[in-house]
Amino acid sequence: MKGDLHDPMLELLARLPQSAPSAARAEFVRARSLLALEKRRQKRTATHDQKHDGRVMDAALCFACVVYIAAAAIEALKLGWALR
Amino acid sequence: MDRESELDLVRRLRDGDAQAFDIAYETFNVRLFTFLARLMRSRARAEDLLEETWLRLVAHSDRLQPDTRLGPWLFTVARNLHASYWRSRMLEEAWADGPGLWPIASTRSPFEETAANELERRIEAALAALPVSYREVLLLIAVEGLDQSEAAKVCGISATAFRQRLKRARDLLARRLGESARPPRGVLREVNT
């Protein structure tokens, strides 16, 4: 018996034959599941790519802001020196 | 399947590996169908729920815990789908003989039809006549080989409640088998006269 009880009644049950779905249906279900799995995988990859692109855009924007602020600060300092 | 392979399989399923799905499908498809067919007593409905079970695995594969026991997980899904199916049917249909949580089957199951010998046929018939809450505990323990704690989780009950249910199920099955082995009273009377 496969379970963790040793009982003649349960052993009788364990020896009952198994049954399988029809071959056509089994293949259909397998194919449908694999298709769904592939779609999920593609969706996840696309989401991952979008996130990656988003992170690159955020970094670029951040960099541009820093450059702009630095340039503005330099200009302000130059102007300050010129007014003295 | 040993625990190491199972953990590896779960990891690959979480990554959406098609080969891992194929391995899981080969390992559990017949077992799940057998379990569902004995619960449902109908091949067609068992095939429908089997399909739904696999689609649930696909839909939830990336959310599986790394230490998931795949067999019990799949049997839990199949068992819950079966319970949902009967609940929705009970809502749809007005049961003439009053509400009951589980239907009492009255026709012969596909297993009864194909059982190779008389003893198997008697066991299948006695099993099919049990309330489904008893049938499922016997199937999970004796046929699917789950241990009691795993099977209790599949049924959503405590280990103590499971042990009690298993004992009652086993006793009822033994009684039903004993009854089916005895010749009907009419026959005895004919033999005596």
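The values are calculated or read from the model by the stated rules, or taken from the named source; none is laboratory data. Keep in mind that this is a model prediction, so the values were computed, not measured. We place every Cβ from the backbone using ideal geometry, glycine too, and count neighbours over all the protein chains shown.
Observations on the structure shown:
- Checking each residue in region B:53-94 for being assigned to a loop (DSSP other than H, G, I, E, B) and modelled with pLDDT of 90 or more picks out B:LEU64, B:GLN65, B:PRO66, B:ASP67, B:THR68, B:ARG69.
- Once region B:33-52 is narrowed to residues that are more than 9 Å from every other protein chain (Cβ to nearest Cβ) and buried (at least 20 other Cβ atoms within 10 Å of the Cβ), the residue that is modelled with the lowest pLDDT is B:ARG41.
- Boolean, A:ALA64 is surrounded by 10 or more Cβ atoms within 10 Å (Cβ to Cβ), in contact with a Leu (Cβ under 8 Å, 6 or more places away or on another chain) and modelled with pLDDT of 85 or more: no
- You will find that of A:ALA64, A:ALA59, A:ALA36, the residue that is facing chain B (nearest Cβ under 7 Å), aliphatic (A, V, I, L, M) and either part of a helix (DSSP H, G or I) or free of Cβ contacts under 8 Å to residues at least 24 places away in the same chain (or both) is A:ALA36 and no other.
- Filtered residues of region A:6-31 (kept if more than 30 Å from B:ARG163 (Cα to Cα), assigned to a helix (DSSP H, G or I) and more than 7 Å from every other protein chain (Cβ to nearest Cβ)): A:ALA23, A:ALA24, A:GLU27, A:PHE28, A:ALA31
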